[in-house]
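Chemist: Here it is, the structure in full.
The values are calculated or read from the model by the stated rules, or taken from the named source; none is laboratory data. If you're wondering where the values come from, they're calculated on a predicted model, not measured in any experiment. Cβ sites come from the backbone with ideal geometry, for glycine too, and all protein chains shown count toward neighbours. Surface areas here come from the heavy atoms of the whole protein model, side chains and all, with no ligands, DNA or RNA. Shrake-Rupley method; radii C 1.70, N 1.55, O 1.52, S 1.80 Å.
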Amino acid sequence: MTVGKYTISRKQEFFLGLLVDPTVNELLIGGAAGGAKTVSMCLGIITLVKEYPGVRLFVGRKTLKSLKQSTINTLINKVHPMVGIAPDKYALHLQDMTLDYSNGSKIIFGELGTIPSDEDFARIGSLEIDAAFVDEAGEITLKAKNAIKSRIGRGVMAEEYGMPGKLILSCNPSLNFLRQEYYDPYIQLGGGDYREWRIGDIEVGDRPLPNYRAFLKMDAYDNPFLPKTYIDNLKTLPDRERKRLLEGNWDYADEESSLFKTSLLDKATAFEIPKGESDKFDKFIGVDVADLGKDHTVFSLIENGILTTQKVSAVQMNWDKESKLPMGRLLADELIELAQRNGFTPLTASHIAVETNGVGASIRDFLRDRGWQITEYTATHKSRSENYYQLMLDMDSGSVKMLYELNGLDALKRQLTVHTYQMNNQVPDVLKKEKIKQVLGKSPDEADSFCIANFCRNWITNPANDPSRNANRILY
């Protein structure tokens, strides 16, 4: 199919057809880098603008800066000329981030990154839009996606044309909610270029319609503007990024020596917290303690086998050497507050494990002085290797999982995926923490805290799984 002087790909032509299909109302364009997804989205935006005069569309990305540099630039400077939209047919207002067309259609641009003062996205709560396009959706959270999805279908497409609202997303391979909601069902249905599956029904006026979610695979060659040197540059990337950006491989994080493979992380994702036994206290807290610097002290809470909470210490971030109270005392108070909010008492303090290296020893002493006899965790390369390996085994067996709605789940998964290992005389040897810091650019504080919480769970409830208690344990 030719658009202007450019020939668009078969998959792009197919995508434009989906936009006027009243049953496919939620679509992810996923695949390799190269701009094809952004170009396709911009072509889709113009398709709706022309097809439904007076339409109101939302176009979003994590930050306004990236939206201006990429999406808006592609729309105005590449796609408008491509489809023959002259400058006198639209007006771009960067001050209020809107784009008005001469036929009455309007685009509202907005950022979808999480803002501490607006974690529930109240800033978009009053929007009334027909459809939403989210570029690089791998950068946003599930809460952001659901917030904008709740605003679609509130304009002329539904009222005058009988077309349900549309949510169109694009992304490179990601380890976040997009994999669970779009990629995994697509693979289960057989993969290929395109798959769709029914997620319910939707009503437009008095007409009930089936509601489908879909995944469309694209690669760099679907971009008609792609420079000839682009693919050659992608081929020179490190293996991990080459798999992700050139090959569009959603298992890009996996290596033969990966301790936490992508399939394992998917398997170990829970969508609800099971009810525990009424006479059993099945909660555990793990605390990875950091000294002053870039690292953070992190508290992890496991409830009924599910990691439900991870909290970065507010005390440590605000403490300075002029404080009248030592940091260990303040961290101990913060831990007790978190524990009591979740039903812990001094009688169940053994269900809390604190890394007692450095400042952790001070926390332990202050806790014990107040009657909280916690479990000690000593961090060495040997203990890290043993307990990370055990965490992998427990995730594989299903005895411990991560809550789908856990705040920071994507970052946690990223930290877990960089852990590789080898077996030395049937004993696991996990990649040293210093090497992991080099890969991540930071300490894996959230992963360490999770690992410590699981160590405590095994120490209390499954002593046979604790390598320090079972010298005869066979590792495989």
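Chemist: I want to confirm something. Restricting to region 169-198 and keeping residues that are of a type in the set (A, V, I, L, M, F, W, C) and buried (at least 19 other Cβ atoms within 10 Å of the Cβ), which single residue is modelled with the highest pLDDT?
Modeler: 169
Chemist: Within region 116-135, count every residue that is over 17 Å from residue 204 (Cα atoms), open to solvent by less than 20 Å² (accessible area, probe 1.4 Å) and in contact (Cβ under 8 Å) with a residue 60 or more places away in the chain.
Modeler: Adding up the residues that qualify gives 5.
Chemist: Does residue 373 qualify as being under 30 Å from residue 422 (Cβ atoms) and touching a residue at least 24 places away in the same chain (Cβ under 8 Å)? Give the derivation first.
Modeler: Working: under 30 Å from residue 422 (Cβ atoms): no; touching a residue at least 24 places away in the same chain (Cβ under 8 Å): yes.
So residue 373 does not fit the description; no.
Chemist: Sticking with this one: Which residue pairs have Cβ atoms under 9 Å apart, sit 6 or more places apart or on different chains, and have a first residue in region 10-23 that is in contact (Cβ under 8 Å) with a residue 60 or more places away in the chain and within 19 Å of residue 156 (Cβ to Cβ) and a second that is open to solvent by 30 Å² or more (accessible area, probe 1.4 Å) and assigned to a helix (DSSP H, G or I)?
Modeler: So the pair list comes out as 19/47; 19/51; 20/47; 20/51.
Chemist: Given the conditions (1) farther than 22 Å from residue 218 by Cβ; (2) under 19 Å from the mean Cα position of the chain (by Cα); (3) in contact (Cβ under 8 Å) with a residue 40 or more places away in the chain; (4) assigned to a helix (DSSP H, G or I), which single one is not true for residue 146?
Modeler: The number of the failed condition is (3).
Chemist: Quick check on region 97-111. Is at least one of its residues surrounded by fewer than 16 Cβ atoms within 10 Å (Cβ to Cβ), charged (D, E, K, R) and at pLDDT 95 or above? Outline the logic, then answer.
Modeler: Our first condition is that a residue be surrounded by fewer than 16 Cβ atoms within 10 Å (Cβ to Cβ); within region 97-111, this holds for 98, 100, 102-104.
Narrowing further to those that are charged (D, E, K, R): 100.
Within this subset, residues satisfying the condition of being at pLDDT 95 or above are 100.
Checking region 97-111: at least one residue is surrounded by fewer than 16 Cβ atoms within 10 Å (Cβ to Cβ), charged (D, E, K, R) and at pLDDT 95 or above.
Chemist: Identify the residue in region 425-469 that is modelled with pLDDT under 85 and under 25 Å from the mean Cα position of the chain (by Cα) and, among all such residues, is nearest to residue 280 (Cα to Cα).
Modeler: The selected residue is 440.
Chemist: So which residues in region 149-159 are over 22 Å from the mean Cα position of the chain (by Cα) and modelled with pLDDT of 90 or more, if there are any at all?
Modeler: 152, 153, 156, 157
Chemist: Within region 44-70, restricting attention to residues that are of a type outside the set (Gly, Ala, Ser), open to solvent by 10 Å² or more (accessible area, probe 1.4 Å) and part of a helix (DSSP H, G or I), which residue is nearest to residue 158 (Cα to Cα)?
Modeler: 51
Chemist: Can you tell me which residue among 366, 344 is touching a strand residue (DSSP E or B) at 6+ places or on another chain (Cβ under 9 Å) and aromatic (Phe, Trp, Tyr)?
Modeler: Being touching a strand residue (DSSP E or B) at 6+ places or on another chain (Cβ under 9 Å) and aromatic (Phe, Trp, Tyr) holds for just one of 366, 344, which is 344.
Chemist: Among (1) in contact with a helix residue (DSSP H, G or I) (Cβ under 9 Å, 6 or more places away or on another chain); (2) open to solvent by 20 Å² or more (accessible area, probe 1.4 Å); (3) modelled with pLDDT of 90 or more; (4) over 14 Å from residue 106 (Cα atoms), there is one condition residue 17 misses while meeting the rest; what is its number?
Modeler: Tallying (1) in contact with a helix residue (DSSP H, G or I) (Cβ under 9 Å, 6 or more places away or on another chain); (2) open to solvent by 20 Å² or more (accessible area, probe 1.4 Å); (3) modelled with pLDDT of 90 or more; (4) over 14 Å from residue 106 (Cα atoms), residue 17 fails exactly one: (1).
Chemist: Ok, one more. For region 349-382, enumerate the residues that are touching a Pro at 6+ places or on another chain (Cβ under 7 Å) and either surrounded by fewer than 22 Cβ atoms within 10 Å (Cβ to Cβ) or β-branched (Val, Ile, Thr) (or both). Outline the logic, then answer.
Modeler: So the first thing to find is which residues in region 349-382 are touching a Pro at 6+ places or on another chain (Cβ under 7 Å), and the list is 362, 371-372.
Listed by number, the residues that qualify are 362, 371.
Chemist: Suppose the filter is open to solvent by less than 10 Å² (accessible area, probe 1.4 Å), in contact with a strand residue (DSSP E or B) (Cβ under 6 Å, 6 or more places away or on another chain) and of a type in the set (Val, Ile, Thr); does residue 24 pass it?
Modeler: Taking the combined requirement at face value, the residue satisfies it.
Chemist: From the residues in region 199-236 that are of a type in the set (Ser, Thr, Tyr) and outside any strand (DSSP E or B), which one is least open to solvent (accessible area, probe 1.4 Å)?
Modeler: Out of the qualifying residues, it is 230.
Chemist: Here's another thing I want to ask about it. Filter region 383-397 down to the residues that are open to solvent by 20 Å² or more (accessible area, probe 1.4 Å) and touching a strand residue (DSSP E or B) at 6+ places or on another chain (Cβ under 9 Å), then identify the one that is farthest from residue 346 (Cα to Cα).
Modeler: 392
Chemist: Checking the condition farther than 27 Å from residue 141 by Cβ and in contact (Cβ under 8 Å) with a residue 40 or more places away in the chain, which residue from 265, 226, 216, 178 passes?
Modeler: Exactly one residue qualifies, and that residue is 226.
Chemist: When the residues of region 257-292 are filtered to those that are out of contact with any strand residue (DSSP E or B) (no Cβ under 9 Å at 6 or more places or on another chain) and among the charged types (D, E, K, R), which remaining residue is least open to solvent (accessible area, probe 1.4 Å)?
Modeler: Among those residues, the one meeting the criterion is 266.
Chemist: Then there is this: Take the residues in region 284-302 that are among the aliphatic types (A, V, I, L, M) and over 22 Å from the mean Cα position of the chain (by Cα); name whichever of them is modelled with the lowest pLDDT. Steps first, please.
Modeler: The initial filter retains those residues of region 284-302 that are among the aliphatic types (A, V, I, L, M), namely 285, 287, 289-290, 292, 298, 301-302.
Then drop every residue that is not over 22 Å from the mean Cα position of the chain (by Cα), which leaves 285, 287, 289-290, 292.
Values: 285: 97, 287: 96, 289: 92, 290: 85, 292: 61.
So the residue we want is 292.
Chemist: Hey, can you tell me all the residues within region 136-160 that are of a type in the set (Asp, Glu) and either within 24 Å of residue 65 (Cβ to Cβ) or surrounded by 20 or more Cβ atoms within 10 Å (Cβ to Cβ) (or both)? Full working, then the answer.
Modeler: Filtering region 136-160 for residues of a type in the set (Asp, Glu) gives 136, 139, 159-160.
Listed by number, the residues that qualify are 136, 139.
Chemist: Assuming residue 413 fulfils every condition listed in (1) crowded, with 23+ Cβ neighbours inside 10 Å; (2) basic (Lys, Arg); (3) modelled with pLDDT under 85 apart from one, which condition is it?
Modeler: Of the numbered conditions (1) crowded, with 23+ Cβ neighbours inside 10 Å; (2) basic (Lys, Arg); (3) modelled with pLDDT under 85, the odd one out for residue 413 is (3).
Chemist: Report the residue count in region 416-448 for those that are more than 17 Å from residue 386 (Cα to Cα), small (Gly, Ala, Ser) and either buried (at least 16 other Cβ atoms within 10 Å of the Cβ) or touching a strand residue (DSSP E or B) at 6+ places or on another chain (Cβ under 9 Å) (or both).
Modeler: Total satisfying the criteria: 1.
Chemist: Select from region 39-68 the residues that are of a type in the set (S, T, N, Q) and touching a Leu at 6+ places or on another chain (Cβ under 9 Å) and write down the one among them that is farthest from residue 248 (Cα to Cα).
Modeler: So the residue we want is 47.
Chemist: Of the conditions (1) aliphatic (A, V, I, L, M); (2) modelled with pLDDT under 90; (3) surrounded by fewer than 19 Cβ atoms within 10 Å (Cβ to Cβ), residue 253 fails just one. Which one is it?
Modeler: (3)
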